[in-house]
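Working notes, structure below.
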Amino acid sequence: EDQVTQSPEALRLQEGESSSLNCSYTVSGLRGLFWYRQDPGKGPEFLFTLYSAGEEKEKERLKATLTKKESFLHITAPKPEDSATYLCAVQARNTGKLIFGQGTTLQVKP
Amino acid sequence: NAGVMQNPRHLVRRRGQEARLRCSPMKGHSHVYWYRQLPEEGLKFMVYLQKENIIDESGMPKERFSAEFPKEGPSILRIQQVVRGDSAAYFCASSPGDSYEQYFGPGTRLTVT
């Protein structure tokens, strides 16, 4: 069964304190791994797609990496506006649906 | 460049009534997906549609739920005879194809009283 597990469930950081979020997955043939950001009361906002092990993508203070079993979302020198829930999802080959993890809720204090 | 649009944003229904949720995909997108987010739970896939076709409905409850994406107009998620357990946020996403990233709408928050 395709499955995604994210850790930690919640993370509190001081402004400027770098850290990483983990996404472990099992999927029968990975088509892509996706990272989204979700603010309270809003829909998920697309951040990155990773397709193969070793791939990395960056956007401002965020960097996503992928191995055959997990993905990391590295947050460098976070700011309070980075506070949100970060969602990881996988898509298997021959399917359109995304399988989501439970998310990591990040709080960055000034 | 309008994103995915959903309406209504909030919907209150009494037990036994019908709920109709609408989704207009991004311009140029012909693939629509519906997801449900129950309180304190993650996003769960419900159904995947293209124009006039249901591609994958493996996440849809067997009864009371149906979805369509007609040739003209928005995609509709219909819930008949709602129960309290249907209270959730329902999100629609769209993409230009099945192997592309999905862009989400703001969601419809359904409350069943």
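The values are calculated or read from the model by the stated rules, or taken from the named source; none is laboratory data. A quick note: this is a predicted structure, and the numbers were derived from the prediction, not measured. Note that we place each Cβ from the backbone using ideal geometry, even for glycine, and neighbour counts take in every protein chain shown.
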B:Val47 - would you say it is surrounded by 15 or more Cβ atoms within 10 Å (Cβ to Cβ), modelled with pLDDT of 95 or more and assigned to a loop (DSSP other than H, G, I, E, B)? no
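What strands (runs of 3 or more DSSP E) completely inside the stretch A:1-107 contain at least 3 residues that are aliphatic (A, V, I, L, M)?
A:10-14, A:62-66, A:84-92
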Strands (runs of 3 or more DSSP E) wholly inside the stretch B:65-104 that include at least 3 residues being closer than 16 Å to B:His29 by Cα: B:88-95
Scan the stretch B:67-83 and report the pairs whose first residue is hydroxyl-bearing (Ser, Thr, Tyr) and whose second residue is surrounded by 17 or more Cβ atoms within 10 Å (Cβ to Cβ) and outside any strand (DSSP E or B), with Cβ atoms within less than 9 Å and a gap of 6+ or a chain change. B:Ser75/B:Pro25; B:Ser75/B:Phe69
If you go through the stretch A:95-110, how many residues are basic (Lys, Arg), buried (at least 22 other Cβ atoms within 10 Å of the Cβ) and in contact (Cβ under 8 Å) with a residue 60 or more places away in the chain? 0
Yes or no: the stretch B:105-113 includes at least one residue that is modelled with pLDDT of 95 or more, in contact with a strand residue (DSSP E or B) (Cβ under 8 Å, 6 or more places away or on another chain), of a type outside the set (Val, Ile, Thr) and assigned to a helix (DSSP H, G or I). no
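Only one residue in A:Tyr36, A:Tyr86 is in contact with an Asp or Glu (Cβ under 7 Å, 6 or more places away or on another chain), within 14 Å of another protein chain (Cβ to nearest Cβ) and of a type in the set (Phe, Trp, Tyr), so which one is that?
None of the other options fit; the residue is A:Tyr36.
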Scanning the stretch A:60-94 residue by residue, those under 13 Å from the mean Cα position of the chain (by Cα), surrounded by fewer than 22 Cβ atoms within 10 Å (Cβ to Cβ), within 22 Å of B:Phe45 (Cβ to Cβ) and of a type in the set (S, T, N, Q) turn out to be A:Thr85
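For the stretch B:9-18, check the following and say yes or no: at least one residue is within 14 Å of chain A (Cβ to nearest Cβ) and free of Cβ contacts under 8 Å to residues at least 60 places away in the same chain.
Step one: filter the stretch B:9-18 for residues within 14 Å of chain A (Cβ to nearest Cβ), giving B:9-10.
Add one more test, that the residue is free of Cβ contacts under 8 Å to residues at least 60 places away in the same chain, and what stays is none.
Scanning the stretch B:9-18 turns up no residue that is within 14 Å of chain A (Cβ to nearest Cβ) and free of Cβ contacts under 8 Å to residues at least 60 places away in the same chain.
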List the number of the failed condition for A:Lys57; all other conditions in (1) more than 10 Å from every other protein chain (Cβ to nearest Cβ); (2) surrounded by 14 or more Cβ atoms within 10 Å (Cβ to Cβ); (3) without any contact (Cβ under 8 Å) to a residue 24 or more places away in the chain; (4) more than 22 Å from A:Gly16 (Cα to Cα) hold. (4)
Taking B:Val83 as the residue in question, decide whether it is of a type in the set (A, V, I, L, M, F, W, C) and over 11 Å from the mean Cα position of the chain (by Cα). yes
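Does the stretch B:89-113 hold any residues that are within 7 Å of chain A (Cβ to nearest Cβ) and more than 19 Å from B:Ala67 (Cβ to Cβ), and which are they? Lay out the reasoning, then the answer.
Of the stretch B:89-113, the ones within 7 Å of chain A (Cβ to nearest Cβ) are B:91, B:98-99, B:101-107.
Result: B:Ser99, B:Glu101.
Yes or no: the stretch B:35-44 includes at least one residue that is under 22 Å from A:Gln6 (Cβ atoms), in contact with a Leu (Cβ under 6 Å, 6 or more places away or on another chain) and assigned to a strand (DSSP E or B).
First, pick out the residues of the stretch B:35-44 that are under 22 Å from A:Gln6 (Cβ atoms): B:35-44.
With in contact with a Leu (Cβ under 6 Å, 6 or more places away or on another chain) added as a condition, the list becomes B:35, B:37.
This time we only want the ones that are assigned to a strand (DSSP E or B), so: B:35, B:37.
Yes, because at least one residue in the stretch B:35-44 is under 22 Å from A:Gln6 (Cβ atoms), in contact with a Leu (Cβ under 6 Å, 6 or more places away or on another chain) and assigned to a strand (DSSP E or B).
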Hey, A:Arg31 hits all of (1) within 20 Å of B:Tyr90 (Cα to Cα); (2) within 12 Å of chain B (Cβ to nearest Cβ) but one; which does it fall short on? (1)
